[in-house]
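Taken together, the values in this text are just the output of simple stated rules run on the coordinates, not laboratory data. In this text the structure is predicted, and so the values were computed from the model without any measurement. Cβ placement follows ideal geometry from the backbone for every residue including glycine, while neighbour counts extend to all protein chains displayed.
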Amino acid sequence: MSVLPASTQVLICGGGPVGLAAAIELGRRGIDCVVIEPREAVSHARPRCKTVNVRTMEHLRRWGIADRLRERAPLPVSWSQDIVFCTSLTGFELSRFTGVLGLVPEGDRFPEVGQQAPQYVLEELLRDVARELPGVSLLTGRRVAGLEQDEHEVEVTVVDAVGAAGRIAAEYVLGCDGSRSAVRAAIGSQYVGEHALRPNFGMVFSAPGLLDRAAHGPAVQYWLLNRTTPGLMGPIDRDATWWLIAFGVEREHGEREARALIDGAVGAPTEASVLSVDPWTARMQLVDRARRGRVLLAGDAAHLNPPFGGHGLNTGIGDAVDLGWKLAAILRGWGGPGLLDGYEAERRPVQAAVIAEAAANNRVLATELMTADIDAAGASGERARGDAHTAIQTAKHAEFHALDLVLDLGYGDSPLTVGDDAGGRLPHVRLVDGRSIYDALGPDLTLLALDDGAWPANTSDGDDDDRGSGAVRDIERAAAERGVPLRVVRLPAELRDRYGAPLVLVRPDQHVAWRGRSPRGGPGQLIDRVRGAGRKSSEPRSTDGVDRSLDR
């Protein structure tokens, strides 16, 4: 077992996908971090999230590992991009959605389509990538048992599998340790929101040859509208492994009648072996605070939502990216004291919007779409199935075609962006050489200069006028004076309409920090705003000094 170091720059509590994503974002930026994770190995028993959405795939592309995930995914994107609603796997088809979940391109809107993959495939890949980074230490078989902080550091108590305790000092701590977060408890943060009462029973089972029996062809998901097993199911691989969620089923009934539930989903007796079960209830909750001093929360430790739409893990990856570049900027010396204030200001509205969307999806499930005679023969059955098709298309289209939610939720009210038209994800384009614009961006700040040489030199007072090359030089100079890494990328003038201005300042997370001809207040003020300088943090560095033990 690896030795617990005496100190690190960032300690990450939780080595699931969110914690590992934070470690990769930090490690790629030269920041030392330690990940504490109780599980020695990634379990395949519960696939959990199965949709790696377009935005997460863009981050994986930035890390250079998008293709590695696709190579490992049991179901290639080409296998299916459909979701089918049916009475059972072998019964009547009721409705169908095609091109779902970002699995097909939409012109140049994004460089990477989504990918269906069970969570454990993504997590194992992220473990491998984290271990490849020299500054990242993944310590499994340990848990965080207590922490206390002052204005300089956080002292963390870590306990191994046999109960031996050690201590490690960190400049910052990230709580990525899920819904039962020990870090959340330690900083006195609490969930606020709803907890659904209806139980759900998940399971994974093996049924060789079942794909050949599917009457509706390949699909990412099959929604089941029948009274025995109202729910949804889908293949994990093309061999024999499936997942199933039965709505309204208590644990005891599900464990006792698991085989009957599978038969009901298939619509016929099935030779199946139950591999694991996973009872759960939906939660729509957001923490009252995601930060206390040098300790911050991300992923399920900060927010929970129903799984319908596939947003939970992907939102957590977004949290990790946001925190990763900001902490790296602070620890490398160019981020200002207000930079971390942007974390909650930016991510909380996104998290709330995702919770609201997932909660809306959760209100209309197979149980609500069921109608009498839906599996009957004859005219009454035809009418019932036609009515079901109309209801399904009306109620569920937004759930499977949610790219506006995935790609277009920006940070318009952020304290770290300038201008009403800033904060959004940089619109994607393909460059003349075929590259994605994202592949041309620098790892830190990037200034896109569109036809810079055609503009007059900088001669005016700093308002938004028609300056060009001088403005580029002034922004470069302001960044250099503050030690801020900045790459200038020159683009052809025909892209100016696409980007809405001749100059666009892009952050490390591919969000627009500012766009215009020259910054109001001057380039120094612009750079200071984007890096969180020139203002004090609203979060006090000191705490009450209380040792908040997690062993209680």
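Of note:
- Options ALA298, VAL154, LEU210, ranked by Cα towards positive dipole end of the chain, top entry (Cβ charges): VAL154
- With helices as the sole contributors, the chain gives -9000 deg cm²/dmol at 222 nm; each DSSP H run of n ≥ 4 counts as -39500 (n - 2.57), and the sum is divided by every residue.
- Measuring between their Cα centroids, the range 141-169 and the range 104-125 lie 35 Å from each other.
- DSSP-loop trypsin sites (Lys or Arg not before Pro) across the range 1-104, with at most 13 other Cβ within 10 angstrom: ARG39
- The GluC sites (Glu not before Pro) found in the range 13-113 that occupy coil by DSSP, while having at most 11 further C-beta atoms within 10 Å, are GLU40.
- Each other residue within a Cβ distance under 11 Å of PRO208 adds +1 if Lys or Arg and -1 if Asp or Glu, for a net charge of -2.
- Remark on GLY114: its backbone amide H falls under 5 Å from those of VAL54, LEU103, VAL104, a criterion applied only to residues 5 or more positions apart or on other chains, H modelled at 1.01 Å from N.
- Rounded to the nearest 20 debye, dipole of the chain from Cβ charges on Lys, Arg, Asp, Glu: 440
- A cut-off under 9 angstrom between Cβ atoms defines the neighbours of ASN305, and their net charge, with Lys, Arg +1 and Asp, Glu -1, is 0.
- Percentage relative contact order, the range 474-535, counting C-alpha pairs under 8 Å, at least six apart: 29
- When volume of the Cα convex hull per residue in Å³ is calculated for this entry, the matching label among (1) 143; (2) 171; (3) 153 is (3).
- Folded to 0 to 90 degrees: helix 378-400 orientation relative to the chain principal axis, Cα: 20
- For the range 407-419, Karplus couplings with θ = phi - 60° (6.51, -1.76, 1.60), whole Hz, Gly/Pro x: 10, 10, 6, x, 10, x, 9, 5, x, 10, 10, 10, x
- Calculated from backbone phi, Karplus (6.51, -1.76, 1.60) coupling profile of the range 513-528 in Hz, x at Gly/Pro: 8, 6, 9, x, 9, 7, x, 4, x, x, x, x, 5, 4, 4, 5
- C-alpha center-to-center spacing [the range 339-407, the range 274-294] in angstrom: 21
- Annotation: amide H of SER95 within the under-5 Å range of PHE85, sequence separation 5 or more or interchain, hydrogens built in the peptide plane.
- Summed side-chain charge close to THR367 - residues other than THR367 whose Cβ falls under 12 Å, Lys, Arg +1, Asp, Glu -1: +2
- Going from the fewest other Cβ atoms within 10 Å to the most, the residues TYR120, TYR343 appear in the order TYR120, TYR343.
- Under 5 Å, built H, 5+ apart or other chain: amide partners of THR51: ALA117
- Residue ranges 195-208, 328-341 sort as 328-341, 195-208 when ordered by packing (mean number of other C-beta atoms within 10 Å per residue, highest first).
- Exposure proxy for HIS303, HIS428: other Cβ atoms within 10 Å of each Cβ, ordered fewest to most, give HIS428, HIS303.
- Dividing the mean sequence gap of close Cα pairs (under 8 Å, 6+ apart) by how many residues the chain holds gives a relative contact order of 17 percent.
- Qualifying trypsin sites (Lys or Arg not before Pro) in the range 488-534, where qualification requires a DSSP coil assignment and no more than 16 other C-beta atoms within 10 Å, comprise ARG517, ARG520.
- For peptides 387-400, 304-317, 143-156, sequence by mean Cβ density within 10 Å, most packed first: 304-317, 143-156, 387-400
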